[in-house]
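Worksheet for the structure shown next.
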Amino acid sequence: MTWTLERLQAVYENDQLRAHEKVYSANEIPLNYEAITTAWLTDALCKGHPGAEVVDFGWNAPDDGTSNRRRLQVAYNAAGREAALPTRIFCKASQGLANRYALGVSGAAYAESTFYNHVRPLLKGVNAPTGVFASYDDETLNSIVMVEDLTDQVTAFCDHTTRITRQLA
């Protein structure tokens, strides 16, 4: 499928007509973080854990760049706590038009969701966060990737000045 800016803009504008609608099933990709509900989070985060439910959640401040980023704090019922489900999650999405163009047209959103859904679970001992939930829609280029929040575990992140040793690589 060939994407033009005009075609993507039309798809995006159509999505914006529904931007106020809440999402309740993980089969739906939220159009913004405010659309997410406890039901959606329960469906996305509690699969495979009978009786586990998200009972409350909160967001930190938005951090928009190439992706729309937010940190999420989640509270579970007793079954979710017993299952040790993640309570601190880092989210990346392609909710804006520019984000969909940069991440969707380039294939990055598809590649990242595929990595976290199919490849990362097979890798042991890899220096990459554990995926919690990822979804991508090739009809709209909307996506969301949720990974464990490493804020308390990582003291420094790599940047363009980081020397990559063989061990780090």
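The values are calculated or read from the model by the stated rules, or taken from the named source; none is laboratory data. Remember, predicted model here, so these are calculated numbers, not experimental data. Methodologically, a virtual Cβ is constructed for each residue, glycine included, from the backbone with ideal geometry; neighbour enumeration extends over all protein chains shown. The area values use the complete protein model at the heavy-atom level, side chains included, leaving out ligands, DNA and RNA. Shrake-Rupley method; radii C 1.70, N 1.55, O 1.52, S 1.80 Å.
Out of the residues in segment 148-159 meeting the condition of being among the acidic types (D, E) and open to solvent by 40 Å² or more (accessible area, probe 1.4 Å), tell me which one is farthest from L41 (Cα to Cα).
D159
Please list, ordered by first then second residue, the pairs with beta carbon atoms under 6 Å, 6 or more apart or interchain, first in segment 103-120 and farther than 18 Å from V132 by Cβ, second open to solvent by less than 50 Å² (accessible area, probe 1.4 Å) and in a helix (DSSP H, G or I).
L103/A109
Answer yes or no: is there a residue in segment 56-76 that is out of contact with any Ser or Thr (no Cβ under 6 Å at 6 or more places or on another chain), free of Cβ contacts under 8 Å to residues at least 24 places away in the same chain and among the β-branched types (V, I, T).
No; the residues of segment 56-76 include none that is out of contact with any Ser or Thr (no Cβ under 6 Å at 6 or more places or on another chain), free of Cβ contacts under 8 Å to residues at least 24 places away in the same chain and among the β-branched types (V, I, T).
From the residues in segment 117-147 that are open to solvent by 30 Å² or more (accessible area, probe 1.4 Å) and among the hydroxyl-bearing types (S, T, Y), which one is farthest from Y33 (Cα to Cα)?
The residue in question is T130.
Residue-by-condition table, conditions (1) without any contact (Cβ under 8 Å) to a residue 24 or more places away in the chain; (2) closer than 16 Å to S94 by Cβ; (3) in contact with a strand residue (DSSP E or B) (Cβ under 6 Å, 6 or more places away or on another chain); (4) acidic (D, E):
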| site | (1), (2), (3), (4) |
| --- | --- |
| Q16 | yes, yes, no, no |
| H20 | yes, no, no, no |
| N32 | no, yes, no, no |
| A35 | yes, yes, yes, no |
| C46 | no, no, no, no |
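Looking at segment 123-169, which of its residues are in a loop (DSSP other than H, G, I, E, B) and either closer than 30 Å to W3 by Cα or charged (D, E, K, R) (or both)?
Once the filter is applied, which keeps residues that are in a loop (DSSP other than H, G, I, E, B) and either closer than 30 Å to W3 by Cα or charged (D, E, K, R) (or both), segment 123-169 yields K124, D137, D138, E139, T140, L141, N142, D149, D152, D159, R163, R166.
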